[in-house]
């Protein structure tokens, strides 16, 4: 997006490599926490730049380019990589030096990219990554011999071990920024015969360094024999996903209670300390009650991302895509859509961005349109609040929690409705007979703690930034809207009824009365448009302000358990499965599709579904 | 080490099948990669080549989906890819005679 703040003086080094070669682990090891994540201008491909401090005290800029199978792009990711290497992106400088990262256990595939890069003529070094795994597998690669055969320097690296990049750093330390103007590189797209010729060369080199043995069945193959087994595989997948959702509820309970107690304690302490004033109202009722009720869901979001990152790092995610490909295919989606859709369980925005790996534009559009129906983590606070208030905490057979089961069911409803919408979308318009899958199933790895922690920290940072900025600002605005104008003298009802928010809520309540929402919920839905979880904070603020005196510091859960009927609660759950609540998602869709048409269609269909689902839920639940 | 052309020739007198028809677990060698249906995406052949489905490489189907026997997981060289059957049918292979698993 914007120019990196790192001084432009040091040489710029690009990390290039096939997907799944351990490039990001290497990048994390080289740059540690000195990373800056943004987007490339005009596209939503993630741009990761970091700084390496070399032993001699120099600063070297390192750019982690998106993984690519070749320099002839088929996806926007690969396009970025090719354009930067060829010096075709106006706003990006062509790298001074290229580190081609290869998976030492899969050189047969990886070396073709090395040969292509060599043709570019940029100064480069080949990193034989995962060299420890290769050694353990009995693949002994003589780096100096390989270097002689390739005609470029080769160093062995271990991206998951501290000190595993020492020899690479030594090389990077010696690079100088070249002087003089750069020449644009001539690039000719290779024909099939050229690629075939490269592969002959790869085989020759592998033969020369004694690494051309293709093993029989590897450990990964043996794991796959179980995990991809047609009957056992889906059962394992279901068990894994179910375990994740149970953990999100069970493990998070203690830290959530602690955060809640901390916020309540702080509120009580401040309440006793400060004299009654506007400032006290803003701080205790507005900021603390609002932000605290969102912050309390941080443990659940951490646990969810913890599992997603582990599944990703271990190599299980593409297997899940493989297993679900037929089901996805039955509604006209590619198995590739699974990874964007799974990311959407955390947040639809990275999910929608991840659809760029889908080559077919129609597939991609359909995936974008259904991504917001996946239960994102911002819905979790709302679900969690209503479930804990209305669903009894009871153990069913086998120690399963009823609350966890209801949560699981909400996720399933989201998935099923997404499939139904995809089916309708894909039936309109000409059907494409051939949908590509072509998904790599990388060898299994133990997840690496460092990468897990860096990934987790980046998610926590995004969440806390949201809490600290958008959510905090909305809470203050909402508090103001809910506090002014002040009730007239002699008024009997709670103060908020006389405020702007009270009037707005009363107006919306007319629209939402048929689906059982009271005016407090109707008010909370307004700031919820900015971010779904804000609705919980808004309810916190609304109820804090409408409660009289003593109740102010009380938890929201018992309050709503008292004042809502069960049909209202269920109706709100149904609303949240479908409603187009998050404006940032719609903005992302606009940017990804480059048109207002699709975000508008998305908002309309989701609003329609939400209203219909809530109406039906409310009416049926009211019968009992 | 075998020269590429000899590998190629060793398949010349044996029957070729589409990779989609190869039984699971059978080792086979790629003979050629090319479109079998004009409606298939034109970049498919190039991408299959770029992923390593190239004449002379060893392939083996290591997993299959539950319904329609699709998709298939194919080990090629030292990597594994999930393919749909129409993608696999673009790859002509000849089964290796000696080693089957």
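Only the coordinates and a few stated rules stand behind these numbers; no lab work does. Source: prediction; values computed, not measured. FYI the Cβ positions are ideal-geometry reconstructions off the backbone, even for glycines, and counts take in every protein chain you see.
At a glance:
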| quantity | calculated |
| --- | --- |
| 222 nm mean residue ellipticity, helices alone, for chain A (DSSP H n ≥ 4; -39,500 (n - 2.57); rounded to 500) | -17500 deg cm²/dmol |
| For A:575, A:596, A:397, order by how many other beta-carbon atoms lie within 10 Å, fewest first | A:397, A:596, A:575 |
| By average C-beta atoms within 10 angstrom, highest first, the peptides A:297-303, A:30-36, A:511-517, B:75-81 | B:75-81, A:297-303, A:511-517, A:30-36 |
| Average other protein chain Cβ within 10 Å of Cβ, residues B:52-62 | 5 |
| Shielding of A:318-329 by partner chains, average beta-carbon count, 10 Å | 4 |
| Folded to 0 to 90 degrees: helix A:597-623 orientation relative to chain A principal axis, Cα | 50 degrees |
| Mean Cα-pair separation over length for chain A, i.e. relative contact order, pairs under 8 Å, 6 or more apart, % | 11 percent |
| Counting DSSP beta bridges with both ends in the protein assembly as shown, the antiparallel % (nearest 5) | 65 percent |
| Which of A:461, A:533 has the fewest Cβ neighbours within 10 Å, and the rest in rising order | A:461, A:533 |
| Proxy reagent accessibility, fewest Cβ within 10 Å first, across A:617, A:465 | A:465, A:617 |
| Beta bridges per DSSP with both ends in the stretch A:12-215, % antiparallel, nearest 5 | 40 percent |
| Per-residue average of Cβ from other chains inside 10 Å of B:81-89 | 6 |
| Normalised contact order of the stretch A:12-215, rounded percent, pairs of Cα under 8 Å and 6 or more residues apart | 22 percent |
| Crossing angle, helix A:534-546 versus chain A [Cα axis fit, 0-90 degrees, rounded to tens] | 20 degrees |
| Convex hull (Cα only) mean projected area of the stretch A:12-215, reported in nm² to one decimal | 11.4 nm² |
| Folded to 0 to 90 degrees: helix A:76-85 orientation relative to chain A principal axis, Cα | 50 degrees |
